Amino acid sequence: MTQMDSQMGRMTMRRTRHRRWNRLFSALTVLCLAASLGACSDDQGGGSGNNANNNGGQDAATDTHEDASGSDIGPDAGSDASDAQSDASDAETQTSSLELTIFDIDGEPIDSANVTLAKPGASSASPATGQTNADGAVSFDELTSGRTLAMVEADGFAPATAVVDLPANTEAARSIHLLATGAPHPFDPTTDSELYEDRVHVSIPANSLVDAAGDDYTGAAQALITPLNPSTHERAGMPGPLEGVLEGDDDPTPMQSVFMADVQLQTDAGEPLSLKDGAQATLEFVLPDDLQDDYSLGEEIEAYWYDTDAGMWRQEGMGEVIESTYAAEKLAWTVDVSHFTWWNCDEPWYDKECVQVSVVDEASGAPVSGAQIYVDGVSYNGTSYGITGDSGVTCVDFKLGSTAQVSAAGSDGRTQIGDAVEISGTGTAATCSGMGDGDCQQVQIELAPPSCLSGTVVDEGGNPIEGATISGRYDGPFGTESETATSGPSGEYCLAVPRGAEVDVVVTHTDANGEFMTASSSVTAADASLVCGDDSCTDVDPLTPEVGQMSCISGEVMTNPGTNDFGPVSPGTHVYVFHGQRGDAAGMGDFVIDCTKPPEEWGTLLAETTTNADGSFCAPTPVAAVDVSVVAGKCGSQAERCLRVRGGVSVAQAASCGDGDCTDLIEPIYMFNECGEGP
């Protein structure tokens, strides 16, 4: 993922100016609608995300332009505002389908994620629900068009909500990425508590919690803190479209994110807790390293929280840039909050340009409806979405004068031909709703059926291995994506992947003796549409999982920030690497911490090492190990405090400790200072 251009000027408008612009835009919109001007129509069908609107699937454009075939793309190609209003009742009776695929942040599909579809603000007496399969996919049929919320929950991951503006009579698709949660932070709610997770510091005052019934809570509590740095690939996991409502305003405004985190409070039994009325906690986010020079002490930045019922970020107060209370020589942003959810340090932006995206089939040139459009900021941290309607066109806004990349993915598995299309703003304002003096840029994208890879998994004697897991990972329009398969009786497998994609094929297998084995290969798929089963797929050389094909994971273990002795843990602190996600006593997850047993009996233990004098460590780990967890610390009477877990780590390439190529943990693992060195 691209990072925010450090040379980009910061948004310095404060709330007074924000509201003035919103009032101006609202007034102009009303005037346009009152005059029934076609150029002001909101018929940018299927658009969603940063100020891209939906009208039930119509494909009108902001201005009249010609596409590559000479056909008009504009108000005359779709329906005008009055037509959309008269047809509103008909659109509600038209049905569409939606396939969602849920990935972790590294592109691995998430099985058994619970998905709920609802309309924003609706009572949702009987919302559509479903659960993902082994490929991370779940489908919904007979859906009404319009703005639809997809709420996703999965064990071990922070909750997420995506907003899809669903056109009428369309088969649409969308992928959603989830971030793995960290280990629970136990705390005593009867005393002032200071909790830390990477770049996030949460201060909770004593006796400030209530349970779900609203009664004071003084029992054992724990916090789940999930940081998200939008300057990294974690950006793919941002919940909802990145647009928010400022205090005192009604209309959403696009935003660029600086940093965000999800905070959940629970009893030790997992029941939700919240702050009591009138109580406030304090959040501190250490600014990403690439943005440290872009902000000054005392500067104010808006604070937003994510409203899951509305699928919208809402401003609540202003945060201030300070010297971090625990990260030496770093700037941080801090704000007082009255409730916990996703909180976001964000700057809104108003000046926009637009891009009209036409999606066609490569072979026939026919328009492709239901294609998901991504407009991903290159020079700013923001992403806009759209879904094409019947004419294969949608319109999406992006930040004025910025650079962005446009990608498309078909709902039926068709993928984009070639790389993402990079667009550069002209500096003249233009929006999908007809505002501004400029014209929308025009982009046409071709889609085609995917290609495929096929091969076999065999042991050292050439005998087929049945039941091995094969994952093909490649760069998708919104981060790393993957296709998975399980080897058959003859060791055979086949993966459908985009044409011409560079694919890392990874095999993992645990043999009868419990040994974790891996194999990997990098293959370029044929630049042709091929189908599994027709013997024309690109061949992958036979893969033989072995023990001992090694890479490494490196990082640091530090004592709990905010203490007088903050710094490296004692030399010799134990570090363990396990395959998969941490589970619970009920058996959910891949390994379970049980201090009555040695670590090798908790699950598939891939590596064990200890920290150096400076708190650093390097653990040799099998190459191609996907979704592993790093555990630091020791068992004892305070196991939850003294064993810290960092999950969702994937080891992509062969490496060895000392060569600088290990998979490195971006942030240290923090331990409580009373825990000592372990084991």
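For the pair Asp309 and Ala613, the difference between a 0.36 nm per residue extended length and the Cα-Cα distance amounts to 104.6 nm.
Karplus-derived 3J(HN,Hα) values for region 136-144, using 6.51 cos²θ - 1.76 cosθ + 1.60 with θ = phi - 60°, are x, 9, 8, 10, 10, 10, 6, 9, 6 Hz; glycine and proline are entered as x. Remark: region 406-422, residue by residue, has Karplus-estimated 3J(HN,Hα) of 10, 10, 9, 9, x, 6, 9, x, 5, 10, 6, 8, x, 7, 4, 8, 8 Hz, where x stands for each Gly or Pro and the curve is 6.51 cos²θ - 1.76 cosθ + 1.60 at θ = phi - 60°. Here's how it looks for Ser451: its modeled amide H is under 5 Å from those of Val497, Arg499, Leu530, which are all 5 or more places away or on a different chain. Neighbour counting of Cβ atoms within 10 Å sorts the residues Val163, Val321, fewest neighbours leading, into Val321, Val163.
Taking every alpha-carbon pair within region 326-485, the share separated by more than 18 Å comes to 68 percent.
Between Ile105 and Leu178, Ala180, the built amide H atoms are under 5 Å apart, and every one of these is 5 or more places off in sequence or on another chain. Based on the reciprocal of the average 1/r between different C-alpha atoms, the Kirkwood radius for region 185-348 equals 16.3 Å. In region 117-223, the convex hull through the Cα atoms has an average projected area of 9.5 nm², a quarter of its surface area.
What the phi angles of region 513-528 give under the Karplus curve with 6.51, -1.76 and 1.60, with θ = phi - 60°, is a coupling list of 8, x, 7, 7, 10, 9, 7, 8, 7, 9, 9, 9, 5, 4, 7, 8 Hz, glycine and proline written as x. Shown for Thr144, Thr161, Thr609: other C-beta atoms within 10 Å of each C-beta, ranked fewest to most, produce the order Thr144, Thr609, Thr161. In this Cβ point-charge picture (+1 for Lys and Arg, -1 for Asp and Glu), region 451-539 has a dipole of about 200 debye about its Cα centre. Report the calculated FRET efficiency for Glu460 and Asp664 (r = Cβ-Cβ distance, R0 = 30 Å), to the nearest 0.05. Result of the calculation: an efficiency of 0.40.
For Tyr670, the residues whose amide H sits under 5 Å from its own are Asp198, Met558, ignoring neighbours fewer than 5 places away on the same chain, with H placed 1.01 Å from N.
Residue exposure proxy: Trp343, Trp313, ordered by other Cβ atoms within 10 angstrom of their Cβ from fewest to most, comes out as Trp343, Trp313. In plain terms, the chain from Asp188 to Ser364 could stretch by 56.9 nm, reckoned as 0.36 nm per residue minus the Cα-Cα distance. Stretching Thr232 away from Asp535 to a fully extended chain increases their span by 105.2 nm, per 0.36 nm per residue minus the current alpha-carbon distance.
From most to least packed by mean Cβ count within 10 Å, the peptides 242-251, 484-493, 180-189 give 180-189, 242-251, 484-493. If you bin all the Cα-Cα distances of region 451-539 at 5 Å, starting from zero, the percentages per bin are 3, 15, 25, 24, 17, 10, 5, 2, 0.
Computed from the coordinates by the stated procedures, all read-outs in this text should not be read as laboratory data. It should be emphasised that the depicted structure is a prediction, and the values quoted were computed from it without experimental measurement. Backbone-built Cβ (ideal geometry, glycine too); neighbour counts: all protein chains shown.
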